[in-house]
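The values are calculated or read from the model by the stated rules, or taken from the named source; none is laboratory data. As the structure is a prediction and not an experimental result, all values here were calculated from the model. FYI the Cβ positions are ideal-geometry reconstructions off the backbone, even for glycines, and counts take in every protein chain you see.
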6 protein chains.
Amino acid sequence: MADLTHFDASGAAHMVDVSEKAATFRRAVARGSVRMAPETLALVTAGTAAKGDVLGVARLAGIMAAKRTADLVPLCHPLPLTKVSIDLRPDHENGTVEIEATTATTGPTGVEMEALTAVSVAALTVYDMLKAVDRGMVIGNIRLALKEGGKSGRYEAK
Amino acid sequence: MADLTHFDASGAAHMVDVSEKAATFRRAVARGSVRMAPETLALVTAGTAAKGDVLGVARLAGIMAAKRTADLVPLCHPLPLTKVSIDLRPDHENGTVEIEATTATTGPTGVEMEALTAVSVAALTVYDMLKAVDRGMVIGNIRLALKEGGKSGRYEAK
Amino acid sequence: MADLTHFDASGAAHMVDVSEKAATFRRAVARGSVRMAPETLALVTAGTAAKGDVLGVARLAGIMAAKRTADLVPLCHPLPLTKVSIDLRPDHENGTVEIEATTATTGPTGVEMEALTAVSVAALTVYDMLKAVDRGMVIGNIRLALKEGGKSGRYEAK
Amino acid sequence: MADLTHFDASGAAHMVDVSEKAATFRRAVARGSVRMAPETLALVTAGTAAKGDVLGVARLAGIMAAKRTADLVPLCHPLPLTKVSIDLRPDHENGTVEIEATTATTGPTGVEMEALTAVSVAALTVYDMLKAVDRGMVIGNIRLALKEGGKSGRYEAK
Amino acid sequence: MADLTHFDASGAAHMVDVSEKAATFRRAVARGSVRMAPETLALVTAGTAAKGDVLGVARLAGIMAAKRTADLVPLCHPLPLTKVSIDLRPDHENGTVEIEATTATTGPTGVEMEALTAVSVAALTVYDMLKAVDRGMVIGNIRLALKEGGKSGRYEAK
Amino acid sequence: MADLTHFDASGAAHMVDVSEKAATFRRAVARGSVRMAPETLALVTAGTAAKGDVLGVARLAGIMAAKRTADLVPLCHPLPLTKVSIDLRPDHENGTVEIEATTATTGPTGVEMEALTAVSVAALTVYDMLKAVDRGMVIGNIRLALKEGGKSGRYEAK
């Protein structure tokens, strides 16, 4: 089980020791989407432009969730985030709300999980606010788009 | 904006007033998946059978997150959950870990968000534990499968 | 010290025993304000109407804080809130943002602290978002406006 | 909306990027008060001297709340506080409990919000412990008294 | 594994389904102690009588922790506690601080874990406040003293 | 009261000012145990080997609790832990589950409380999972085994 760093030699889960790793600048971008009926998406667009700002509420929920990642993901290291921003955009062609979160810190480990958590909770919040009109929405395509910094270097999704 | 119950007439977000609603039995089932490379999935299967139990850690993370749904999703009502169970299953044909969460309570509102949150955080935890070997994993297809109880009645996804 | 119910006969703090009290409908309204320079208030008004929605962010922060009251105020009973709404309104005559929160539950104790906590954290959030342009803002006049339900009955501030 | 740093050019809320800012020593002092009837204040004084220590409970609540500021105020950066102290003092002339909180850290942003949150939650706790005898108390005059460190330098309230 | 209710037939951990159980009155008492050097205990006694109230701080920490039990113990059901009280008493004969916590609720499951968590965190807080003078303290003898209510009925430790 | 650093000269509790202390490497090891009937311990051993992994769940609970130490222990400084590992081992001779937690960080204060909290919550979780078959279990012998780093230097329990 040498490949899974979150387990020790005996198979027990642990929070990986990063005591020896240098604190360097780290950045991550994650993306995801919520697929919904065209009428539902129309409500989102109407609300964002005028009142009933679904995307504004979801953005805030995602930002706050990013700060609580280490509380939610058991083996994640706590990190003092220095940046969280979330972009939510209706995509009428695909019938989705597209979500992108960017996180950064200076620390011994990366901030990928923080970006992915921000996207996930923003998506859950979009779902919550629209579920009274559309129970068939699907949250999907949540993935890492970019990661910079750290020993393993830069990763960019194809 | 009459259709979006989370906003009042002026467009301001609020936690919907459920004071008048009866406390009845509610149940929800949500599903989702984490798509990964076959080699990654093989590590999951090996670990679950022997040591390095990725799915056991993810299951616990999902259960704990379900209890914190109202802390994460801004306009969600706090609810004393009476049941949370999560099933995680490697699907070698599709190259995924399939996740299903079931939640229940007796209360004035439903537990769909709790089930969806459980699935999302379990999926994030699977990602976290495997990201050192596979950064290209994709969390997806998170949706409501079933909902019972309450005035709007039963919903089952097709 | 018979008058202070949060202490026992020996003076030790405790969470008052409400086991014998009936669960009845409770409602509370609290108010408060943030006083600021006219130019700062103008920024708030501009943002709310168009973009940069200070009051929308503060409203959400207050709603979420109401749900965490028992985590913040040591001797407060945990309560499943059934309603939280917050109104924030620029008052150009007085140079303030006026805040009013309404909370409700069906339970053995009241929801005054939840309403006051919602107002306080909404006010802190207004401060946070405007502090770069105005450090002299003052949060004040946070008080209970109304309380209904429970053995002590209705209270309305003069 | 260039003046409000918590919004980007499109008006979307974000957690300001402080990745480039140096970690320097920061300190803040905030103040506030709870106004109450003379008989209520007499109970506070009696309790503090002997048993039923209202101010001791409020002090602890404020210290703990300071550590959770970034959980409560949506766009606040998480910061490892290196100091929190809170002074609560009955002021019989003005009929108030006067509250002063001091916070410090070494980090890329200031600790004003932490000091203001400490004062606010200490005040809410004073209210909670005395509300059975005095529902007319008013929390007020919460403001920044001093701020040191960071690019914007020293600020002292007049 | 039929005896361990926290696991299903396949051995997977879950939060036991209590949906069918009636909400009845439940009460629990737990006890524990912190053993320390006589000089350390003398400091505690001195502080409690005059200033530097170690036991007062520990009592509050235990009360607050009881409310967060379901956040800490993974498979614990969330419960709205209706009573928490904690007694801390220096025992000079045994060289200990003796801790006893009582919790109550009306719900479908018991409050034993809440009482045990209250004792544990109160003990940790006693340790924290005295560790600068005595690193050899030992927290021990944490056990359930009494449990009332529910299908399994009354239990009293011998 | 000069000896108790968590109180100021007037006896008021505060979070000790560590602003001036250098951030150095810190490590702590804490230990504790849960004593139970031989039949109960047999269930633990059976489960760990096959399914129904009591110790795996307790380990995870302890790791997550370590990250929340500053939320639970009122005067504890928040610290970004760089390592948490927990070992749980059935000791059939003594009829106990033996628990050992190791924590580390680079910071201005030590991580003893984090290690002790990890042990305590792991022990509470063992209790929770086995309480249906054995209410007489006793959590005990929770103590600091080792501490390294900081001005006060190395401490090793005899």
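Table: residues versus (1) under 16 Å from the mean Cα position of the chain (by Cα); (2) more than 8 Å from chain E (Cβ to nearest Cβ); (3) surrounded by fewer than 23 Cβ atoms within 10 Å (Cβ to Cβ).
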position: F:Leu43; (1), (2), (3): no, no, yes
position: F:Ala58; (1), (2), (3): yes, yes, no
position: F:Thr69; (1), (2), (3): yes, yes, no
position: F:Lys83; (1), (2), (3): yes, yes, yes
position: F:Asp87; (1), (2), (3): yes, yes, yes
position: F:Asp91; (1), (2), (3): no, yes, yes
position: F:Glu100; (1), (2), (3): yes, yes, yes
Any residue at all in the stretch A:104-112 that's in contact (Cβ under 8 Å) with a residue 12 or more places away in the chain, in contact with a strand residue (DSSP E or B) (Cβ under 7 Å, 6 or more places away or on another chain), surrounded by fewer than 24 Cβ atoms within 10 Å (Cβ to Cβ) and of a type in the set (A, V, I, L, M)?
no
Looking at F:Ser10, F:Ser19, which is the one that is in contact with a strand residue (DSSP E or B) (Cβ under 6 Å, 6 or more places away or on another chain), more than 18 Å from F:Gly95 (Cα to Cα) and of a type in the set (Gly, Ala, Ser)?
F:Ser19
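Return a yes/no flag: does the stretch B:72-81 have any residue that is of a type in the set (A, V, I, L, M, F, W, C), touching a strand residue (DSSP E or B) at 6+ places or on another chain (Cβ under 7 Å) and in contact (Cβ under 8 Å) with a residue 40 or more places away in the chain. Let's see the steps before the verdict.
Taking the stretch B:72-81 and keeping what is of a type in the set (A, V, I, L, M, F, W, C), we get B:72-73, B:75-76, B:79, B:81.
If we keep only those that are touching a strand residue (DSSP E or B) at 6+ places or on another chain (Cβ under 7 Å) too, we end up with B:75, B:79, B:81.
Next, from what is left, pick out any that are in contact (Cβ under 8 Å) with a residue 40 or more places away in the chain: B:75.
The answer is yes; a qualifying residue exists.
Would you check if there is a residue in the stretch D:27-34 being over 29 Å from C:Leu43 (Cα atoms) and within 10 Å of chain C (Cβ to nearest Cβ)? Steps first, answer last, please.
We begin by selecting, within the stretch D:27-34, every residue over 29 Å from C:Leu43 (Cα atoms); these are D:34.
Then drop every residue that is not within 10 Å of chain C (Cβ to nearest Cβ), which leaves D:34.
Yes, some residue in the stretch D:27-34 is over 29 Å from C:Leu43 (Cα atoms) and within 10 Å of chain C (Cβ to nearest Cβ).
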Filter the stretch F:71-81 down to residues that are surrounded by 24 or more Cβ atoms within 10 Å (Cβ to Cβ) and more than 14 Å from chain A (Cβ to nearest Cβ) and give me whichever is farthest from C:Pro74 (Cα to Cα).
F:Val73
Tell me, which residue of the stretch A:107-139 that is polar (S, T, N, Q) and facing another protein chain (nearest Cβ under 7 Å) is farthest from B:Val111 (Cα to Cα)?
A:Thr117
With respect to the numbered conditions (1) closer than 25 Å to A:Gly107 by Cα; (2) free of Cβ contacts under 8 Å to residues at least 40 places away in the same chain, which one is the sole condition not fulfilled by F:Val29?
(2)
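Between D:Ser33, D:Ser19, which is polar (S, T, N, Q) and at pLDDT 95 or above? Can you show your working first?
Working: D:Ser19 fails: at pLDDT 95 or above.
Just one listed residue meets the conditions, D:Ser33.
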Could you check how many residues of the stretch B:129-143 are over 26 Å from B:Ala115 (Cβ atoms), touching a residue at least 12 places away in the same chain (Cβ under 8 Å) and not small (Gly, Ala, Ser)?
2
State which residue is surrounded by the fewest Cβ atoms within 10 Å (Cβ to Cβ) when the search covers only the stretch D:121-158 and only residues that are polar (S, T, N, Q) and closer than 18 Å to D:Glu98 by Cβ.
D:Asn141
Selection from the stretch A:148-158 of residues part of a loop (DSSP other than H, G, I, E, B) and either more than 7 Å from chain B (Cβ to nearest Cβ) or over 16 Å from the mean Cα position of the chain (by Cα) (or both) yields A:Gly149, A:Gly150, A:Lys151, A:Ser152, A:Gly153, A:Arg154, A:Lys158
Which one is nearest to B:Arg154 (Cα to Cα) among residues in the stretch A:127-147 that are basic (Lys, Arg) and in a strand (DSSP E or B)?
A:Arg143
Filtering the stretch F:1-16 for residues that are more than 20 Å from D:Ala58 (Cβ to Cβ), surrounded by 14 or more Cβ atoms within 10 Å (Cβ to Cβ) and over 24 Å from the mean Cα position of the chain (by Cα) leaves a count of 2
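Of all the residues that make up the stretch D:95-113, how many are at pLDDT below 95 and of a type in the set (S, T, N, Q)?
Quick first cut of the stretch D:95-113, residues at pLDDT below 95 only: D:106-110.
Filter again for of a type in the set (S, T, N, Q), leaving D:106, D:109.
Total satisfying the criteria: 2.
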When restricted to A:Thr69, A:Thr5, A:Thr24, A:Thr40, the only residue within 29 Å of F:Asp71 (Cβ to Cβ) and touching an Asp or Glu at 6+ places or on another chain (Cβ under 7 Å) is A:Thr69
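Would you call B:Gly52 at pLDDT 95 or above and within 9 Å of chain A (Cβ to nearest Cβ)?
Answer is no for this residue.
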